[in-house]
1. Could you say whether any residue in the range 272-285 is surrounded by fewer than 20 Cβ atoms within 10 Å (Cβ to Cβ), on the phi > 0 side of the Ramachandran plot, modelled with pLDDT of 90 or more and assigned to a loop (DSSP other than H, G, I, E, B)?
2. Which count do you get for residues in the range 105-120 that are open to solvent by less than 80 Å² (accessible area, probe 1.4 Å) and either under 12 Å from Leu187 (Cβ atoms) or not hydrophobic (A, V, I, L, M, F, W, C) (or both)?
3. Only one of these conditions is not met by Met233: (1) part of a helix (DSSP H, G or I); (2) touching a Leu at 6+ places or on another chain (Cβ under 9 Å); (3) open to solvent by 20 Å² or more (accessible area, probe 1.4 Å). Which number is it?
4. When you check Phe30 against the structure, is it closer than 23 Å to Ile227 by Cα, open to solvent by 60 Å² or more (accessible area, probe 1.4 Å) and free of Cβ contacts under 8 Å to residues at least 24 places away in the same chain, yes or no?
5. Which residues, taken from the range 146-197, are among the β-branched types (Val, Ile, Thr), more than 24 Å from Gln263 (Cβ to Cβ) and either open to solvent by 30 Å² or more (accessible area, probe 1.4 Å) or part of a helix (DSSP H, G or I) (or both)?
6. Of (1) closer than 18 Å to Ser53 by Cα; (2) open to solvent by less than 30 Å² (accessible area, probe 1.4 Å); (3) in contact (Cβ under 8 Å) with a residue 60 or more places away in the chain; (4) not aromatic (Phe, Trp, Tyr), Val311 satisfies all except one. Which?
7. Looking at the range 204-225, which of the residues that are surrounded by fewer than 13 Cβ atoms within 10 Å (Cβ to Cβ) and among the small types (Gly, Ala, Ser) is nearest to Ser102 (Cα to Cα)?
8. Here is a list of conditions, (1) more than 25 Å from Arg120 (Cα to Cα); (2) assigned to a loop (DSSP other than H, G, I, E, B), and Ala298 meets all of them except one; can you say which number that is?
Amino acid sequence: MSDSASMKLSAKRKGWTRREWRYFWLGLLFASPWIIGFLVFTVYPFFSSLYFSLTTYDLFNPPQWVGLDNYKQIMTDERFYKSINNTLFMAFISVPISLASSLIIALMLNFKVKGINYYRTIFYLPAVIPVVASALLWTWMLNPDFGLINMFLRAVGLPDPAWLMDPRYTKPSLVLMGLWGSGAGALIFLAALQGVPQQYYEAAQVDGANGWHRFWRITIPALSPIILFQLIMGLIGAFQIFTESYILAGGKSVSGSIGGPDQSLLFYAVNLYQEAFMNLKMGYASALAWILFIIVMAITLVLLKTSRRWVYYGGE
């Protein structure tokens, strides 16, 4: 048997021809920049943080193995529980409010009226403003002395709270700021609304269904996959709040701590940042990051598991 015939026979036994193998390796070559970047900047840091979470490490000295001591210390850290409470407030209070606001805006923007494209642009504009610029803008708007919000409240005879100085109003300030940026979520809801078949509404109207029934029995089930997506992404974002809190709280205080008045703006990511880059406790911060990962993963899995009861996909 000739060499070429034996190579063809060997290639057939492997399942791929020589050309298919050549295309395979050529594809890997073109994909190699992404593969290398993924391994270096995602996979390696992922497992490195797991290792560092079991050590004491300050960037300047070699890490020292301590096992689960960092995790034990976290369980007795008051700042950890304070940051968890603040973060849970934003996750389970602010996210549902933002979702409802985005849906209401999308419903309004779905009407066919003159100049509707301009209205859609106006509502979406806050979403394209950088977070730092938005936070600085809201710091001025929430100023208790000359801020626009308190000026309006005084004009109509309502109390004008010290938004960013009173621990009772600091987190509501962030909720207001989140509502201002609801345009991004509204755009996603709007795209989903325009994909709902109109014959469903027409059939329901013929059967005598009023506006509320059409909304609850047709619109909400049709939007349920988008609601699930926005809910998961909103919760993940709530557990990673940092920039808004850091700027609204005025950065670092005289004592060197961060988190605003009475640590009411000390969110999980803010606490993690302080431990890592201000206290240089990289091992402890890595343990905090892994606990955050576990919490977010658990919440996501619970939502995906329970979504079978209330999420409806096309064809079901």
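1. Checking the range 272-285: at least one residue is surrounded by fewer than 20 Cβ atoms within 10 Å (Cβ to Cβ), on the phi > 0 side of the Ramachandran plot, modelled with pLDDT of 90 or more and assigned to a loop (DSSP other than H, G, I, E, B).
2. Looking only at that region, the number is 6.
3. Going through the list (1) part of a helix (DSSP H, G or I); (2) touching a Leu at 6+ places or on another chain (Cβ under 9 Å); (3) open to solvent by 20 Å² or more (accessible area, probe 1.4 Å), Met233 breaks only (2).
4. no
5. Step one: of the range 146-197, the residues among the β-branched types (Val, Ile, Thr) are 149, 156, 170, 175, 188, 196.
Of the ones still in play, those that are also more than 24 Å from Gln263 (Cβ to Cβ) are 156, 188, 196.
Residues satisfying the conditions are Val156, Ile188.
6. Status for Val311: all satisfied but (1).
7. As a first pass, look at the range 204-225 and keep what is surrounded by fewer than 13 Cβ atoms within 10 Å (Cβ to Cβ): 206-208, 210-212, 216.
Next, from what is left, pick out any that are among the small types (Gly, Ala, Ser): 208, 211.
Values: Gly208: 28, Gly211: 19 Å.
Looking at residues that are surrounded by fewer than 13 Cβ atoms within 10 Å (Cβ to Cβ) and among the small types (Gly, Ala, Ser), I get Gly211.
8. The number of the failed condition is (2).
The values are calculated or read from the model by the stated rules, or taken from the named source; none is laboratory data. Predicted model only: the values in this text are computed from it and were never measured. Glycine also receives a Cβ, built like all others from the backbone with ideal geometry; neighbour counts cover every protein chain displayed. Areas reflect the complete protein model, heavy atoms only, side chains present, ligands, DNA and RNA absent. Shrake-Rupley method; radii C 1.70, N 1.55, O 1.52, S 1.80 Å.
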